[in-house]
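Encoded as structure tokens, the structure appears first; notes follow it.
The values are calculated or read from the model by the stated rules, or taken from the named source; none is laboratory data. If you're wondering where the values come from, they're calculated on a predicted model, not measured in any experiment. Don't worry about glycine lacking a Cβ; one is built from the backbone with ideal geometry, like all the others, and counts go over all protein chains shown. Only protein heavy atoms, including side chains, enter the accessible area calculation; ligands, DNA and RNA are left aside. Shrake-Rupley method; radii C 1.70, N 1.55, O 1.52, S 1.80 Å.
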Amino acid sequence: MNDRTCTGVPLHFSFVLGMHRSGSSALARVLNLAGLRISSQLLPPNQDNPSGYWEPQRVVRFNDALLAESDRHWADPKPMPPGWATRELPGHGFAEAADLLRSEAAQATGPGSGMVVKDPRLSRLMPFWREALAHHDMTVHCLIVCRHPLDVAQSLYARDRVPLDQALALWLAYMLEAEAGTREMNRVLVHYEDLLADWAMTLETIGRNNADMDVAAINGFLDEGLRHHSASAAWFLSDD
């Protein structure tokens, strides 16, 4: 199968990485409203993310299978086992990963030519995805979302009762592996606080500030109300 859209344009993906609860959902939606296509089969919103996760369901299932094959889980901060990225799980190998992206692009919604693919698990799994895309006519721009680790820890505790030490270990693992896994790739570090404070400047830094963006929709979606947790010394020192 040719790795191109029906218009003959090479497939381009913006991968949104970063630790869970870091604002990657907000960035993915803003990129979508700024002109990038997005999956037609997204995880549904819920009480923890009423504004939506903006994650492709099939990519999440694929990544969960990769983690499970290495006896890992999204909330397990242990390093990935040696050689994991070159082992191909039956039905979840390099060719299947590339086919999945082609299928997502073919079914994506929106008028743009590029596509945003957001899943925090990509932070730990980029060595596999790089190998999967190495021989295909696809380009990837990686956007690594960074949020204060104590904000992330507080949010994880509120949602999943993840202990502080585990949450901080997870933040460190995701961020270090996202950095290592995207070296020598086209990438940008995006601070969640900057996105909230000045989304237009953030998009300009990313290179997505263009006429396709829906300014009114972005303003309506992205506000300080999205920031549910801001770490405080009192919470950090509490015994709860």
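Worth a mention:
- Some residue of region 149-165 being in contact with a strand residue (DSSP E or B) (Cβ under 7 Å, 6 or more places away or on another chain) and of a type outside the set (Asp, Glu): no
Yes/no per residue for (1) without any contact (Cβ under 8 Å) to a residue 40 or more places away in the chain; (2) of a type outside the set (A, V, I, L, M); (3) within 17 Å of Pro127 (Cα to Cα):
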position	(1), (2), (3)
Asn49	yes, yes, no
Pro56	no, yes, no
Val60	no, no, yes
Asp64	no, yes, yes
Glu69	yes, yes, yes
Ala75	no, no, no
Pro90	yes, yes, no
Ala97	yes, no, yes
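- Long-range neighbours under 7 Å by Cβ, at least six apart or interchain, first residue of a type in the set (S, T, N, Q) within region 169-197, second surrounded by 22 or more Cβ atoms within 10 Å (Cβ to Cβ) and part of a helix (DSSP H, G or I): Thr182/Met126
- Region 171-199: number of residues that are open to solvent by 20 Å² or more (accessible area, probe 1.4 Å) and part of a loop (DSSP other than H, G, I, E, B): 4
- The single condition among (1) among the hydroxyl-bearing types (Ser, Thr, Tyr); (2) out of contact with any helix residue (DSSP H, G or I) (no Cβ under 8 Å at 6 or more places or on another chain); (3) open to solvent by less than 10 Å² (accessible area, probe 1.4 Å) that Ser113 does not meet is (3).
- Annotation note: of Leu156, Leu101, Leu168, the sole residue that is part of a helix (DSSP H, G or I) and open to solvent by 10 Å² or more (accessible area, probe 1.4 Å) is Leu168.
- The residues of region 134-149 that are open to solvent by 20 Å² or more (accessible area, probe 1.4 Å) and either of a type in the set (D, E, K, R) or part of a helix (DSSP H, G or I) (or both), listed by number, are Asp137, Pro149.
- Members of region 131-169 that are within 30 Å of Ala105 (Cα to Cα) and among the aliphatic types (A, V, I, L, M): Ala132, Leu133, Ala134, Met138, Val140, Leu143, Ile144, Val145
- Conditions (1) touching a His at 6+ places or on another chain (Cβ under 8 Å); (2) modelled with pLDDT under 90; number of the one not met by Asp212: (1)
- Region 36-88: number of residues that are farther than 21 Å from Ser14 by Cα, open to solvent by less than 60 Å² (accessible area, probe 1.4 Å) and hydroxyl-bearing (Ser, Thr, Tyr): 1
- Residue within region 78-87 that is more than 24 Å from Asn46 (Cβ to Cβ), in a strand (DSSP E or B), modelled with pLDDT of 95 or more and not aromatic (Phe, Trp, Tyr) present: no
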